[in-house]
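For reference, the structure discussed in these notes is given below.
Values quoted throughout were computed directly from the atomic coordinates according to the rules given, and no laboratory measurement underlies them. These numbers were taken from a predicted model, which means no experiment stands behind them. Neighbour counts are summed over all protein chains in view; Cβ atoms, including those assigned to glycine, are modelled from backbone coordinates with ideal geometry.
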Amino acid sequence: MASIEETANRYHIPKAFIGIILLPIVANAAEHVTSVWMALKDKTELCIGICVGSSIVSSFQGFKVIILEA
């Protein structure tokens, strides 16, 4: 938590932007790398499963923005 506050202060980025936008993008980066890696190994079903799961998580994260703006 302290590193988020330090980053927000140093780069003048709102904490809400970091929590709602940046953290989910960084968290999903590992899923994207794994998906590409599985695709390169011809493990199509696993690749599609990872992509679908990631899409579902991303859609739920979009709900947070909608709820906060409501």
- Taking K and R as +1 and D and E as -1, what net charge do the other residues with C-beta under 15 Å from the C-beta of Val33 add up to? +1
- In the set (1) 44, 29, 15; (2) 48, 22, 17; (3) 36, 20, 18, which value of Cα extents along the principal axes in Å was calculated from the structure you see? (1)
- Message: Quick check: pseudo-label points 7 Å beyond the Cα along Cα→Cβ at Val26 and Phe60, how many nm apart are they?
- Response: 2.1
- Message: Below 20 Å, Cα to Cα, which lysines can Lys15 reach? Residues fewer than 8 away in the same chain don't count.
- Response: Lys64
- Between 0 and 90°, nearest 10: helix 23-40 axis offset from the chain longest Cα axis: 10
- Note on the structure: With Cα coordinates, the longest principal axis of the chain makes an angle with the long axis of helix 2-11, in degrees rounded to 10, of 70
- Item | Derived scalar couplings ³J(HN,Hα) [segment 63-68; Karplus, 6.51 cos²θ - 1.76 cosθ + 1.60; whole Hz; x for Gly, Pro] | 4, 4, 5, 5, 5, 5
- Message: Below 8 Å, C-alpha to C-alpha, sequence gap of six or more: please give me the relative contact order for the chain in percent.
- Response: 25
- Asn9-Leu68 FRET efficiency (beta carbon distance; Förster radius 22 Å; 0.05 resolution): 0.50
